[in-house]
Amino acid sequence: MDMLDKKLVFLDICRYLCLDEADRMIDLGFEEDVRNIISHFKAQRQTLLFSATMPKKIQNFAKSALVKPITINVGRAGRLIVNDRLRFELIFFRCGKFGCHSTD
């Protein structure tokens, strides 16, 4: 925040914002800071918001901070589950003047 406020960092050309553990950030009182960071994005952005839970407070935040959000539930909504059979795959993309493509 300090570097943004002092104009040492610029988010003008950033196109992606990833908010992991968004519910914890809001619970810990960082909602205004997150909103301030969002305000520094000048162009259209894609925002990814990850949260283990979706209480009303985080739902309201998501509605105000996201445009046309898509919700993906793992398990039953409103219930925290532990599942050791989940598989995650990380895919890297390289973007250039001709578009984006997978690096593998």
Discussion item. Please go through the stretch 18-53 and give me each residue that is surrounded by 13 or more Cβ atoms within 10 Å (Cβ to Cβ) and basic (Lys, Arg), ordered by number.
Written reply: 24, 45
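Listed here are the residues, each with its yes/no results for (1) in contact with a strand residue (DSSP E or B) (Cβ under 9 Å, 6 or more places away or on another chain); (2) among the basic types (Lys, Arg); (3) under 19 Å from residue 1 (Cα atoms).
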{"position": "17", "(1), (2), (3)": "yes, no, yes"}
{"position": "21", "(1), (2), (3)": "no, no, yes"}
{"position": "24", "(1), (2), (3)": "no, yes, yes"}
{"position": "33", "(1), (2), (3)": "no, no, yes"}
{"position": "38", "(1), (2), (3)": "yes, no, yes"}
{"position": "44", "(1), (2), (3)": "no, no, no"}
{"position": "47", "(1), (2), (3)": "yes, no, yes"}
{"position": "55", "(1), (2), (3)": "no, no, no"}
Worksheet, complete the sentence: Restricting attention to the stretch 46-71, the residues that are assigned to a loop (DSSP other than H, G, I, E, B) and either of a type outside the set (A, V, I, L, M) or modelled with pLDDT of 80 or more (or both) number exactly 11
Response to the item:
In the stretch 72-104, anything under 18 Å from residue 21 (Cβ atoms) and at pLDDT 70 or above is listed as 72, 73, 74
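Can you pull out every residue in the stretch 1-17 that is surrounded by 10 or more Cβ atoms within 10 Å (Cβ to Cβ) and either touching a helix residue (DSSP H, G or I) at 6+ places or on another chain (Cβ under 9 Å) or modelled with pLDDT of 90 or more (or both)?
Of everything in the stretch 1-17, those that are surrounded by 10 or more Cβ atoms within 10 Å (Cβ to Cβ) and either touching a helix residue (DSSP H, G or I) at 6+ places or on another chain (Cβ under 9 Å) or modelled with pLDDT of 90 or more (or both) turn out to be 1, 4, 5, 9, 10, 11, 17.
The values are calculated or read from the model by the stated rules, or taken from the named source; none is laboratory data. Source: prediction; values computed, not measured. Please note: Cβ atoms are built from the backbone with ideal geometry, for glycine as well, and neighbour counts cover all protein chains shown.
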